[in-house]
Amino acid sequence: MWLMLAAGSAALAGLTAILAKVGIRHTDSTLATAIRTVVVLIFCWVMVLLAGSFSSITSLTGENWLFLVLSGLATGASWLCYFRALQLGDVNQVMPIDKSSTVLTMLLALFLLGEGFSLWKGACMAAIGGGTLLMIQRTAPAEKQGSARSLVLAGLSALFASLTAILAKVGMTGVESNLATAIRTSVVLVMAWGMVAVTGKGVRPSAIPRRDLLFICLSGLATGGSWLCYFSALQTGPASVVVPVDKLSILVTAAFSWLVLRERLSRRALLGLALMTAGTVGMCFG
């Protein structure tokens, strides 16, 4: 069941990047992130109420709260970096670097969570890492202004995303996954709107183009669905497998970036994408 949830998370996460890219064409990425978080938060708390898990909030331990809050902060930082990177660069430029968090997460799961390691898993990690490098090399000499900055931001997004998974895995021990996701999202909301206030990016909702607002909200709904699937899978499945499967969203994103945004991959990048996919699928059988 957790494998199906991870696959569902991947499909929805892939849509998130495309919807967000369209939604931030004329809207500041920090403000867009804050608006998306409101949508995700409403979605998550509705799911908590439907699941009837709100009453269990009193049973959370201090350790649960600590790691869930830290995971939320890591998520907020990852989002802010990721969507700013998307605004500055191409989806196919930002995407492979962000997905490099897979290898780092697997290493952290090995050393911090004591999840097993084998030669097969090592080979799969090498395939994912090699594929990521091939895709990054494709866009390293980018010509667009601001593309270098987008690469740095995508790298920071990957780092924070890796910490998110590990911190959430620890914080969700004995906690219903919907409730844990809602708590984490509440932290992200405070962080996102705090950044809007600090940077002075706040505007009236009516000042945001309707098309942008529509796609930002759709992106939030896709994110909410992806998170619920992801953290449900993470609670019952090994992080070293759930995270790579979730990162198969790269296939969905690549397909939609070609169909919707007309961004094409070079042969080198396609080889990298194939390696990443093979390594990810292999993790499921390790």
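The values are calculated or read from the model by the stated rules, or taken from the named source; none is laboratory data. These numbers were taken from a predicted model, which means no experiment stands behind them. Positions of Cβ are generated from backbone atoms using ideal geometry, with glycine treated the same way; all protein chains shown enter the neighbour counts.
Could you grab me the full set of residues in segment 110-136 that are modelled with pLDDT of 80 or more and small (Gly, Ala, Ser)?
Answer for segment 110-136, where residues must be modelled with pLDDT of 80 or more and small (Gly, Ala, Ser): 118, 122, 123, 126, 127, 129, 130, 131.
Give segment 174-191 a look and list any residue that's at pLDDT below 90 and in a helix (DSSP H, G or I), or say none.
Matches in segment 174-191: 177, 178, 181.
Restricting the first residue to segment 269-286 and requiring it to be within 17 Å of residue 97 (Cβ to Cβ), which pairs with a second residue that is surrounded by fewer than 18 Cβ atoms within 10 Å (Cβ to Cβ) meet a Cβ separation below 6 Å and a spacing of at least six or different chains?
Correct list of pairs: 275/130.
Any chance segment 79-88 includes a residue that's closer than 22 Å to residue 255 by Cβ, under 17 Å from the mean Cα position of the chain (by Cα) and among the polar types (S, T, N, Q)?
Of the residues in segment 79-88, the ones closer than 22 Å to residue 255 by Cβ are 82-83, 85-87.
The next check asks that each one be under 17 Å from the mean Cα position of the chain (by Cα); those that pass are 82-83, 85-87.
Remaining after also requiring among the polar types (S, T, N, Q): 87.
Yes: segment 79-88 contains one or more residues that are closer than 22 Å to residue 255 by Cβ, under 17 Å from the mean Cα position of the chain (by Cα) and among the polar types (S, T, N, Q).
Would you call residue 27 within 26 Å of residue 194 (Cβ to Cβ), in contact with a Leu (Cβ under 9 Å, 6 or more places away or on another chain) and part of a loop (DSSP other than H, G, I, E, B)?
Values: within 26 Å of residue 194 (Cβ to Cβ): yes; in contact with a Leu (Cβ under 9 Å, 6 or more places away or on another chain): yes; part of a loop (DSSP other than H, G, I, E, B): yes.
Criteria met by residue 27.
Scan segment 150-173 and tell me whether some residue there is modelled with pLDDT under 85, surrounded by fewer than 24 Cβ atoms within 10 Å (Cβ to Cβ) and more than 30 Å from residue 42 (Cα to Cα).
The answer is yes; a qualifying residue exists.
Scan 245, 252 and give me the residue that is assigned to a helix (DSSP H, G or I), within 23 Å of residue 170 (Cα to Cα) and not acidic (Asp, Glu). Break it down stepwise before answering.
Values: 252 fails: within 23 Å of residue 170 (Cα to Cα).
After ruling out the rest, the residue left standing is 245.
Can you give me the number of residues within segment 90-115 that are of a type outside the set (Ser, Thr, Tyr) and either buried (at least 24 other Cβ atoms within 10 Å of the Cβ) or without any contact (Cβ under 8 Å) to a residue 40 or more places away in the chain (or both)? Don't jump to the end; show me each part of the working.
Within segment 90-115, the first condition is being of a type outside the set (Ser, Thr, Tyr), and the residues that meet it are 90-99, 103-104, 106-115.
Cutting the leftovers down to either buried (at least 24 other Cβ atoms within 10 Å of the Cβ) or without any contact (Cβ under 8 Å) to a residue 40 or more places away in the chain (or both) gives us 93-99, 103, 106-107, 111, 114.
Going through segment 90-115 one residue at a time, the tally reaches 12.
Please go through segment 117-129 and give me each residue that is in contact (Cβ under 8 Å) with a residue 60 or more places away in the chain, of a type in the set (Gly, Ala, Ser) and surrounded by fewer than 16 Cβ atoms within 10 Å (Cβ to Cβ), ordered by number.
118, 123, 126
Given the criteria touching a helix residue (DSSP H, G or I) at 6+ places or on another chain (Cβ under 7 Å), farther than 17 Å from residue 184 by Cβ and surrounded by fewer than 24 Cβ atoms within 10 Å (Cβ to Cβ), does residue 86 qualify? Quick ask: steps written out before the conclusion?
Values: touching a helix residue (DSSP H, G or I) at 6+ places or on another chain (Cβ under 7 Å): yes; farther than 17 Å from residue 184 by Cβ: yes; surrounded by fewer than 24 Cβ atoms within 10 Å (Cβ to Cβ): no.
Here the answer is no, as residue 86 does not meet what is asked.
Is segment 265-272 home to any residue that is assigned to a helix (DSSP H, G or I), polar (S, T, N, Q) and farther than 26 Å from residue 120 by Cβ? Spell out the reasoning first.
Residues of segment 265-272 assigned to a helix (DSSP H, G or I): 267-272.
Okay, now just the ones that are also polar (S, T, N, Q), so none.
Within segment 265-272, not a single residue is assigned to a helix (DSSP H, G or I), polar (S, T, N, Q) and farther than 26 Å from residue 120 by Cβ.
Consider residue 255 carefully, then state whether it is over 14 Å from the mean Cα position of the chain (by Cα), over 20 Å from residue 158 (Cβ atoms) and either at pLDDT below 80 or not basic (Lys, Arg) (or both).
Working: over 14 Å from the mean Cα position of the chain (by Cα): yes; over 20 Å from residue 158 (Cβ atoms): yes; either at pLDDT below 80 or not basic (Lys, Arg) (or both): yes.
So residue 255 fits the description; yes.
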